[in-house]
1. For the rotation bringing A onto B, which A residue has its Cβ nearest the axis, and at how many Å?
2. Enumerate the amide H contacts of B:GLY87 below 5 Å, restricted to partners 5 or more residues apart or on another chain; note that Pro and chain-start residues carry no placed amide H.
3. Would you mind computing, in nm to one decimal, how far apart the modelled labels at A:SER270 and A:ALA219 are, each placed 7 Å from Cα along Cα→Cβ?
4. Average the reciprocal distances over every distinct pair of alpha-carbons in the stretch A:10-95, invert the result, and give the Kirkwood radius in Å.
5. From the cross-link list B:LYS275/B:LYS344; A:LYS344/B:LYS286; A:LYS182/B:LYS286; B:LYS315/B:LYS344, which pairs have alpha carbons spaced over 21 Å apart?
6. Given the convex hull over the Cα atoms of the stretch A:80-175, what projected area results after averaging over all orientations, in nm²?
7. Over the residues of the stretch B:112-156, compute the C-alpha Rg and express it relative to 2.2 N^0.38 Å.
8. Under the 0.36 nm per residue contour assumption, what length would be gained going from the current alpha-carbon distance of A:LEU122 and A:ARG250 to full extension?
Number of protein chains: 2
Amino acid sequence: MALQVISVLWKAHVEDRPVAADDFEVATNSIDPQAMGEGDILVELLYLSVDPYMRGMMRDSKGYYRQPFTPGQPLSSRGIARVVRAGPGVGSGFEEGDVLSGMLPWSSHAILNRRAQAALQLVDSRLLGKLPLPCFLGALGAPGMTAWAGLKKIAEPIKQGEVAFVSGAAGAVGLVAGQLLKTKYGCNVIGSAGSNEKVALLQQLGFDAAFNYKTTDTAEALTQVAPDGIDIYFDNVGGPTLDAALAAARPHARFLACGAISQYDTPEDSRYGVKNLMNVITKRIKLRGFIVGDYAAELGGEFHEDMSQLLLAGKVKALQHVTQGLENAGAAFVGMMGGGNVGKALVQVVETDPFPVQQ
Amino acid sequence: MALQVISVLWKAHVEDRPVAADDFEVATNSIDPQAMGEGDILVELLYLSVDPYMRGMMRDSKGYYRQPFTPGQPLSSRGIARVVRAGPGVGSGFEEGDVLSGMLPWSSHAILNRRAQAALQLVDSRLLGKLPLPCFLGALGAPGMTAWAGLKKIAEPIKQGEVAFVSGAAGAVGLVAGQLLKTKYGCNVIGSAGSNEKVALLQQLGFDAAFNYKTTDTAEALTQVAPDGIDIYFDNVGGPTLDAALAAARPHARFLACGAISQYDTPEDSRYGVKNLMNVITKRIKLRGFIVGDYAAELGGEFHEDMSQLLLAGKVKALQHVTQGLENAGAAFVGMMGGGNVGKALVQVVETDPFPVQQ
């Protein structure tokens, strides 16, 4: 019996800002579960993640750390899926009903061979029904681990009372980074974001100071709220904000180069030029880029234990911005790139969440 | 009996390129050795160093890690001096005839109180007559230690065969950095410099490749000589060369932010903007600024032993560019900033070097 499948395809590489209606295409086809090969599994997609790093894969560029998307094929990203059926023969050990997270195609259902299964892992079943599924793509997923591991590997040792600045602070990574800097490390935390609503949220979440970079000059704001400078800068945006942070840095500041979302929609040759790099020398700044995947093997287990405890205890709040329906995934991506989300942006693919959290 | 003293004074802060005839003033006065206070010493200056970091002290800026020079007063820099007379009372233990190195005023003679003596140290007398005095301001002084300590603290661990790029490679720091990368670490070393003569010298000294950045595009040159990219970048120049190095970097490259001489004569608001910083994220680059003084206490002894052995064994060649006469110190500084030197730029103040090396 053939199964109707909806997919979202990538149309062609683009240099400037992608447009939902132009660059993504919703397609329907069918797959035959009877035709599953040796070791294959059939999964249904529950949630999928939209993340800034995907912007690099929409460009025809060799410079990025991931291969570009293939025009005419479904996009892919991290997601949560459930095993509907395990095919004949020896697979990866996944069974019907298992909930998995990892790299998945943007398709409502998919048959995954053993190679594709290697990019997936079981969701910790002890937490199902206790933490919402989207959490496994957010604070307890790659963005949360990005914040947690970046601070551990690049910013530590962190002294209580150090001044930390987080840009993109209402985004998936920034929200976790700011809360960890506050509750786990005892820093004086400043956040910047792109709307007054986001600023109010940061203040509710315990940030010591927050400002709207669209209505306040970042350099001036930092001079106001951190007159003696900043010790840690968690950079999610790059561009002029990085320049302002370099000027505001104290000696021996640590700069975590996590993202540069302000520049992702800009063609390479017209990107913002950072002028204040001489501060790196005079202030002995450590600026270090990192990608969460590099730390997965080393730190994945410790992160999972620590962060799940922080979340269950309410010491870190996980916020998600959920778009309903796979057919709206392109719009969800474009909206997230434009700053429309608060917390982790994701798409609910399945109509009814199978593991609602009892409040 | 009064002593005639020649000094070189700093006239006023300048934003753009200093001019020897306008910005430095040779003045004569006299000092009375009889008037020396408790613990004072009288020294005669033998050599003085001219260094790019001094450019920051010629600006009226708080942003630098050293205080600006005081208009109307002698400049100061590292130098070599000899104690002519130790005054009455208890001093710092320096005696007549001692050869000292450290921060000194640009004066042919000076009376130094105990506070000023604290910035000086005895030159290793075992090496006098074996290594030329200028060496103690170059390969065996602060520039040499900058190269040695930067590689140790920021670039290590270094694997044999890694590709290292050194800009400003014919300068005081670059020449030592390149030779250490080659002979101590076994790297494949590329150097850039600003003349064909310098390029030829780098090739003689064992650099695997060298190019003239004024006649060759740096990005193209790096693509040619390092088609698989660079693992280490020892940056003495900043600006567009840093952009090219970011583009050429391999994953996990280490960038030593040592200097940015291409930008020192540029007012802050018109400095070159570095566009390729996104590579820091995608390639997980570590970019770290450092100042040699931070490592002096921890590593000074080890550096001195290691480097003096390398120099005595001829494994690192020390090159100096010597200008004769204190009255020409301003011109020596300006010439060095313009790239007129090969190796360590310094000024011989005393007419006859008291410790010539027997060849």
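None of the figures in this text is laboratory data; all of them are computed from the coordinates on show. All figures in this text were calculated on a predicted structure; none of them were measured in a lab. As a convention, Cβ positions derive from the backbone with ideal geometry for all residues, glycine included, and neighbour counts pool all protein chains shown.
1. In chain A, the Cβ lying nearest the symmetry axis toward B is A:GLY273, 1.
2. Under 5 Å from the amide H of B:GLY87 lie the amide H atoms of B:ASP40, B:ILE41, B:LEU42, each far enough along the sequence or on another chain.
3. Distance between label points: 2.4 nm.
4. Result for the stretch A:10-95, one decimal place: 15.3 Å.
5. B:LYS275/B:LYS344; A:LYS344/B:LYS286; A:LYS182/B:LYS286
6. 8.6
7. Details: Rg = 13.5 Å, N = 45, 2.2 N^0.38 = 9.3 Å.
Against the compact-globule rule of thumb, the ratio is 1.44.
8. So the extension gain works out to 41.8 nm.
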